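First the structure, in the form of structure tokens, and then the observations on it.
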Amino acid sequence: MAASMYCLRTVVHGCRRHFVKPPGFGIPSTYSKTNWGALRFYVIPPGVKRPAKKLKEEKPKVMITQEEIEERRRDTIQFKPYGFTAWKPSDDVYVARYYPKQAIRPEIAVEMLKTIQRLDFTCPEQALYLQLKLDMKLEKKKKVDPFVGYVLFPFPFVKELNTVLVFTEKAEEIEAAKNNGAAFVGGAELIPEILNDDVQADFYIATPEILPKLNLLKNKLRKKFPKNKRGSVGNDIANMIKLFENCYEYIVEEECIIRIKIATLDMPVEHIMANMHTLIKDVSRHKPVDLGPFVVTAILSSDTSESLFIELKNFLPQEPAKSEEN
């Protein structure tokens, strides 16, 4: 009897739910069965427009270029550099991205790299690289064109000389090239051998007379093709061979970056510093001194170490003092 009354009460309760439900609406699952009668549904009367929401006027965002950010960060008068917390951290433990990179004295940076090499038990003869970032701006919105340079380090670190190929057709120039150590000497007959990769060299130099006959090699040699701007075209074959046999080539990449091997880590600190000074001096001559420093930042690193920012004030050429006229 009790079971029958329980079933009847359940059925009646379900019927009551159907009677109370307003027509045309579904029962939300979030409401219980007992409080359904207290729900009310309100709608906007027909013909009445809902007021439009007032949208806030968004100010256009001003985009700042990376060059403008770097220009603002050079202003040392400000309390803190643009986008950073302070000029220098006040503690030994800090988050590096909140502070500008701290420049290290070059000789200290070299000693740090040597210490890292000893602690990591890596090869002591590994390469040491210097990366320079250049300010290519000139006056009147002009820029320095990307260039290729050749530098003779006072303390060379490569044991083998560069191979040089000389293009010439004169008998006396061919004899001079062979006497001065050219690996290959010849005229237009060398073109098929170069196209077939039978003859390869580190540098290619030529005399002005034979240069029009070498147009077939432009796509093959590309950056190594003899050009006047690179100093690989001329009549002084002896000095040209001497230069390219011992020189180190550097190229401006990504519009303002130079990265070149300047020494090996096992060399004395004095030799590394001399090579570094020679490179920066040679690069700086491509821009007038009165238009500001050409080299902006310098990063020193090895094959197995992190990169270290170094100071440049002792390497950059100084503008000569102007004498005051009475």
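The values are calculated or read from the model by the stated rules, or taken from the named source; none is laboratory data. Here the structure is a predicted model, which means the values were calculated and not measured. Here the Cβ positions follow ideal geometry from the backbone for every residue, glycine too, while neighbour counts run over all protein chains shown. For the accessible areas, the whole protein counts, side chains as well, though only heavy atoms, and no ligand, DNA or RNA atoms are used. Shrake-Rupley method; radii C 1.70, N 1.55, O 1.52, S 1.80 Å.
Points to keep in mind about this one:
- Within the stretch 232-326, trypsin sites (Lys or Arg not before Pro) in DSSP loop having at most 15 other beta-carbon neighbours inside 10 Å: Arg285, Lys313, Lys322
- FRET efficiency for the Glu193 to Lys223 pair, using the beta carbon distance and R₀ = 25 Å, is estimated at 0.80.
- A straight chain from Ser90 to Ile251 at 0.36 nm per residue would run longer than the Cα-Cα distance by 54.0 nm.
- Karplus-based coupling profile of the stretch 89-94, in residue order and whole Hz: x, 8, 9, 6, 10, 7, with θ = phi - 60° in 6.51 cos²θ - 1.76 cosθ + 1.60 and x standing for Gly or Pro.
- Equivalent ellipsoid of the stretch 88-221: semi-axes from √(5λ) of the C-alpha gyration tensor, largest first, are 45, 23, 14 Å.
- Whole-number accessible area per residue in Å² for the stretch 89-216, which is evaluated in the context of all protein chains at 1.4 Å: 62
- Derived scalar couplings ³J(HN,Hα) [the stretch 185-199; Karplus, 6.51 cos²θ - 1.76 cosθ + 1.60; whole Hz; x for Gly, Pro]: 9, x, x, 5, 5, 7, 4, x, 5, 6, 5, 8, 6, 7, 10
- Between Thr76 and Tyr98, the FRET efficiency estimated from the beta carbon spacing at R0 = 22 angstrom works out to 0.75.
- Where GluC sites (Glu not before Pro) fall in DSSP loop in the stretch 75-145, at most 13 other Cβ within 10 Å: Glu125, Glu139
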